[in-house]
1. Would you be so kind as to identify which of 52, 260, 129 lies farthest towards the positive end of the dipole of the chain, taking Lys and Arg as +1 and Asp and Glu as -1 on Cβ and the Cα centre as origin?
2. Let me make sure I get this right: for the chain, a, b and c are the square roots of the gyration tensor eigenvalues over alpha carbons, sorted descending. Under 1.5 in a/c it's rounded, otherwise prolate if a/b > b/c, else oblate. Which is it?
3. May I ask you to derive the relative contact order of the stretch 247-307, considering only C-alpha pairs under 8 Å and at least 6 residues apart, and to give it as an integer percent?
4. Once you sort the root eigenvalues of the Cα gyration tensor of the stretch 1-78 as a ≥ b ≥ c, which label holds: rounded (a/c under 1.5), prolate (a/b larger than b/c) or oblate (the other case)?
5. How far is helix 291-306 tilted off the main Cα axis of the chain, in degrees rounded to 10, range 0 to 90?
6. Filter the trypsin sites (Lys or Arg not before Pro) in the stretch 246-307 to those in DSSP coil with at most 12 other Cβ atoms within 10 Å of their Cβ, and list the result.
7. Can you compute the FRET efficiency between residue 276 and residue 299 using 1/(1 + (r/R0)^6), with r the Cβ-Cβ distance and R0 = 25 Å? Round to the nearest 0.05.
8. On C-alpha positions alone, give me the angle between the axis of helix 250-259 and the longest principal axis of the chain, in degrees, nearest 10.
Amino acid sequence: MDNNLLSTESVNPVSMNIDTKTTLEICTLMNDEDKTVAHAVAHALPIVSALVDDIVDSFRRNGRLVYIGAGTSGRLGVLDASECPPTFGVSPTMVIGLIAGGDIALRNAVERAEDNGAAGIDDLKKINFSNTDTLVGITASGQASYVLEAMKYAKQLGAVVGAISCNEQSSTFAVAKHCIYLPVGPEIITGSTRLKSGTAQKMTLNMLTTVSMIKLGYVYNNYMVNLIPTNKKLESRAKDLIQKIAQCSKERAEDIWKECKGNTSAGILMQLYKISYQEAISCLTAAKNNLHNAMGLCEDEKESSII
């Protein structure tokens, strides 16, 4: 496709003569353009929502969410995938990010990697991609062969396929079930899609995983109860959650923390229902780590013991 037909490759009249402006003028211009990104994402919310529902269905069938992209788009997919385990306490294989050129491409540009369609298919085969998984292709222009061929392969397997692109003419939209078009318009530097396009993609990926995890019950109210406390900050946050949700003293939360083996949800149940760690884990396992549902099970157990 002629690049001149792609909105991400077109010239932004607002930023003409940008190289003659003062530093503050350039920063202001860039900020003003970035303010439009949220509106572009809002345009796609109904489709994002439908894709989330399919992702949740995949998860419930023990499937995975797989992102695939090249360059900035691929890096954003890997970033979002890597944040899911510490934030929601899920397996690192539940959400996977694939990037053209492999892990080395996270830090270095790999020449022509995005043009290698066969590599996209090979990368899916390496992770045993199947029809229970969901594939989301991320490409600002919508023309990367690495992404496009992988999407075609996933569709042939019968998997749900989504596409995120900032061009209405994206080739990926002809393959995908869910076509997320993010109309950010031309960049302030012509063709530099790490800017508004990348921001819009990041916002959309945030929604896909965060809303999916909320739907699965990995968030209690608006608390990150399934976090993995891998540092002092997160450990402190976990103790605060026990204190707030179980409504106990800071000292009691500290004591519970020592007993719950880093499982915040278990600690909350232990304090609320005066049960052991093993009993709390049994409730969480039965509730598939959904704290709301685990609380319901504990309530039922409490009522039956009174009867």
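Derivation of every value follows stated rules applied to the coordinates shown; laboratory data play no part. Predicted model only: the values in this text are computed from it and were never measured. Please note: Cβ atoms are built from the backbone with ideal geometry, for glycine as well, and neighbour counts cover all protein chains shown.
1. Positive-most Cα among the choices belongs to 260.
2. Because a/c hits 1.5 or more and a/b exceeds b/c, the chain counts as prolate.
3. Contact order relative to length: 22 percent.
4. Note, shape of the stretch 1-78 comes out prolate.
5. Roughly 10 degrees between the two axes.
6. 261, 274, 288
7. Given R0 = 25 Å and the Cβ-Cβ separation, E is 0.90.
8. It works out to around 90 degrees.
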